[in-house]
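A short write-up of the structure that comes next.
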Amino acid sequence: MKKQTYKSKTYRLTRGQRPLSYTIPSRNTSRSPLLYFDEETGVNRPLRYARNQRSPFEDEQDGNAILEPVVFEDGMLFVDRSNQVLQEFLHYHPHNGQVFEEVDNEADAARDLEEATMELNAQVMAMELPLEKMISVARAFIGNSVDKMTTSEIKRDLLMFAKSRPEELLAIINDPMLELQDTVMQMEQAGLIKIKGKNVFYNLKNNKKQMLVVPHNTDPYAIIGTYLQSDEGIQMFKILKKALNKDS
């Protein structure tokens with residue numbers, strides 16, 4: 001039979017929090033319930049940390065429990081291999097994974113490697129884009145002011161976006177709607193359509209009608225592009241595109 005091995009563990013507060021000290025609830029109370037749902041029995045079992053006990057479950061402890069606080073110092077908590085009851089208590093604690101988590105160096109390294117690889121891929125893809133698509137991608141981040149920027153400025157800003165927001169940049173580069181949304185932005189810049197708040201209007205010589213109302217918390221350029229590709233809007237898209245090409 002394989003012998004069980006015990007190891008010391010380190011825990012940290014989530015979201016990068018590092019207060020001088022932070023105490024988590026260490027016993028079940030009505031004000032701060034600490035319950036673990038036992039799937040086998042279907043019972044919520046109260047938790048209580050007492051170092052002189054062999055179990056973190058109150059129903060398995062005797063009447064001589066000596067309660068101790070569980071304190072994170074500078075956002076960290078080290079638990080020696082000899083204190084298995086605290087390790088068990090933290091494992092079953094309802095705040096595990098939300099307020100605090102076990103430090104896993106291997107998982108951290110894998111996550112860091114994945115993020116670094118994504119950042120590198122985003123930088124490489126951004127630099128290899130044809131100039132026209134590079135401008136389209138930059139316009140999605142920066143807006144129409146990109147047309148006043150030099151090629152070097154655009155490349156610099158895309159590299160900065162690739163470093164700080166690689167996942168978002170890769171999503172935009174691979175977005176099949178990118179070209180369409182870029183065209184809509186150019187139409188707005190050329191004055192062929194007007195966006196006033198949530199209302200979008202045509203701004204042609206013989207057509208100043210309202211096109212649509214942009215729903216709350218949505219990208220107006222995506223909504224306009226989708227509409228102009230619909231059966232209702234495709235004819236106006238052709239007219240706007242023709243006017244845009246004439247102006248350019």
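Each reported figure results from applying straightforward, stated rules to the coordinates on display, with no laboratory input. Just so you know, these numbers come straight off a predicted model, no measurement behind them. So basically every Cβ, Gly included, is an ideal-geometry build from the backbone, and we count neighbours across all protein chains shown.
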Next on the checklist: Just to be sure I understand: if I project the alpha-carbon convex hull of the chain onto a plane and average over all orientations, what area do I get in nm²?
Outcome noted: 23.0
Checklist entry - Assuming R0 = 22 Å, what is the FRET efficiency of LEU20 and GLN98, from their Cβ-Cβ distance, to the nearest 0.05? => result 0.55
Checklist entry - Using alpha-carbon pairs under 8 Å, 6+ residues apart, how would you state the relative contact order of the chain in percent? => result 14
Checklist outcome for this item: Cross-link reach from LYS196 to aspartates and glutamates, straight Cα distance under 20 Å and at least 8 residues apart if same chain, gives ASP182, GLU188, ASP219
Checklist entry - What do the square roots of 5 times the Cα gyration tensor eigenvalues come to for the stretch 32-158, in whole Å, largest first, as semi-axes of the equivalent ellipsoid? => result 54, 16, 13
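For the pair ASP38 and THR218, what calculated FRET efficiency results from E = 1/(1 + (r/R0)^6), where r is the Cβ-Cβ distance and R0 = 35 Å, to the nearest 0.05?
Efficiency for this residue pair is about 0.20.
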Checklist entry - How big, on average over all directions, is the shadow cast by the Cα convex hull of the stretch 176-248, in nm²? => result 4.8
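How big is the stretch 54-115 by the Kirkwood estimate over distinct Cα pairs, in Å?
Radius from the Kirkwood sum: 13.8 Å.
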Next on the checklist: When 1/r is averaged over all different Cα pairs and the result inverted, which Kirkwood radius in Å belongs to the stretch 104-175?
Outcome noted: 12.7
Item to check | Whole-angstrom Cα spans of the stretch 9-103 along principal axes, big to small | outcome: 36, 25, 25
Checklist outcome for this item: Sorted by chain and number, the residues with a modelled amide H under 5 Å from that of PHE72, at a separation of 5 or more or across chains, are TYR22, THR23, ILE24
Checklist entry - Could you work out Rg/(2.2 N^0.38 Å) for the stretch 136-233, with Rg from alpha carbons only? => result 1.17
Checklist entry - In whole angstrom, how far apart do the alpha carbon centroids of the stretch 193-248 and the stretch 27-96 sit? => result 60
